[in-house]
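*Asks:* Here it is: the structure, laid out below.
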């Protein structure tokens, strides 16, 4: 294959995956874990909360069966008791990894769980005071919205904004407004084009590794499969686990608007809700944000992770 053709193909998949990873489908850095967990060793991996936020689950034969997202519970270090069941703590913060497109059953599960919190802090770059109506969806007028809607159709899944019930009284907006987002970008001398190409470069670098060629073949084959939606979900689920490099360049001391500034706002709102007396809280943010939030909860809020629970976001069985 001509190098230019190869670059075009890799650029196409990078275009597809980079924004999804940046806005909710990226995996946080893990500690050299394998690319997938089998059903047999899932329990063993569950004893390391806060290390991973998205995983591909396989059966004993190595067949993908689900893409899962993590819910990690944090408690005050002084309250931690070894061996204590996580549901016995009276005060805690749960980091709930979000994917912006998923199975309807996943979102039904999310809605049911959210009713049990005093406050659920959620991400959405929108003016302060915005009320998200049930089933709002996202507009094709915005490039990211058009991409997510296209993915929803191809993968036969649902969109988060259509399925999550943001009208519940305990749902609390905890993100930047568009004006604040733009002000932060200006202060950090960031630009949308610069940000996108940074994502694109990381995505292309990830795909240039050994798995890259296989990923190209998998996605191309999926496009022509009789069960196209399932095969595309499997191919993309494999890629999501390898996209952690996309997020590492957008957090840390220097930080970025995309990750760090929005995380700072979310944690400001968390402190406000704690000061108001809330004791059972959740932060519902894109999985790519949560590695940095994990660090901030431990360092700035003196909390420790005590448990991890995995939710099935994509059923890959059929």
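*Asks:* So if I check each of 266, 261, which one is touching a residue at least 40 places away in the same chain (Cβ under 8 Å) and closer than 14 Å to residue 98 by Cβ?
*Replies:* 266
*Asks:* Same structure again: Taking residue 274 and the conditions (1) at pLDDT 85 or above; (2) in contact with a helix residue (DSSP H, G or I) (Cβ under 9 Å, 6 or more places away or on another chain), which numbered condition does it fall short on, given that it satisfies the others?
*Replies:* Just one mismatch for residue 274, condition (2).
*Asks:* Taking residue 95, is it assigned to a strand (DSSP E or B), at pLDDT 90 or above and either out of contact with any helix residue (DSSP H, G or I) (no Cβ under 7 Å at 6 or more places or on another chain) or surrounded by 21 or more Cβ atoms within 10 Å (Cβ to Cβ) (or both)?
*Replies:* Criteria met by residue 95.
*Asks:* State yes or no: is residue 67 within 25 Å of residue 276 (Cβ to Cβ), crowded, with 18+ Cβ neighbours inside 10 Å and at pLDDT 50 or above?
*Replies:* Numbers: within 25 Å of residue 276 (Cβ to Cβ): no; crowded, with 18+ Cβ neighbours inside 10 Å: yes; at pLDDT 50 or above: yes.
Spelling it out, it is not the case that residue 67 is within 25 Å of residue 276 (Cβ to Cβ), crowded, with 18+ Cβ neighbours inside 10 Å and at pLDDT 50 or above.
*Asks:* Of the numbered conditions (1) buried (at least 19 other Cβ atoms within 10 Å of the Cβ); (2) modelled with pLDDT of 90 or more, residue 88 fails exactly one; give the number of that condition.
*Replies:* Among (1) buried (at least 19 other Cβ atoms within 10 Å of the Cβ); (2) modelled with pLDDT of 90 or more, residue 88 violates only (1).
*Asks:* Let me spell it out: the conditions are (1) farther than 21 Å from residue 183 by Cβ; (2) modelled with pLDDT under 75; (3) surrounded by 16 or more Cβ atoms within 10 Å (Cβ to Cβ); (4) more than 13 Å from the chain's Cα centre (by Cα), and residue 250 meets all of them except one. Which number is the exception?
*Replies:* (1)
*Asks:* Pick from 316, 290, 297: which is modelled with pLDDT of 95 or more, surrounded by 18 or more Cβ atoms within 10 Å (Cβ to Cβ) and under 19 Å from the mean Cα position of the chain (by Cα)?
*Replies:* Answer to the check: 297.
*Asks:* Filter the stretch 169-192 for residues that are part of a loop (DSSP other than H, G, I, E, B), under 16 Å from residue 263 (Cα atoms) and at pLDDT 90 or above; which is farthest from the chain's Cα centre (by Cα)?
*Replies:* The qualifying residue farthest from the chain's Cα centre (by Cα) is 177.
*Asks:* Pairs please, first residue from the stretch 120-149 and on the phi < 0 side of the Ramachandran plot and modelled with pLDDT of 80 or more, second anywhere and part of a loop (DSSP other than H, G, I, E, B) and surrounded by fewer than 16 Cβ atoms within 10 Å (Cβ to Cβ), Cβ atoms under 6 Å, 6+ apart in sequence or on different chains.
*Replies:* 134/167
The values are calculated or read from the model by the stated rules, or taken from the named source; none is laboratory data. This structure is a prediction, so every number in the text was calculated from the model and none was measured. Please note: Cβ atoms are built from the backbone with ideal geometry, for glycine as well, and neighbour counts cover all protein chains shown.
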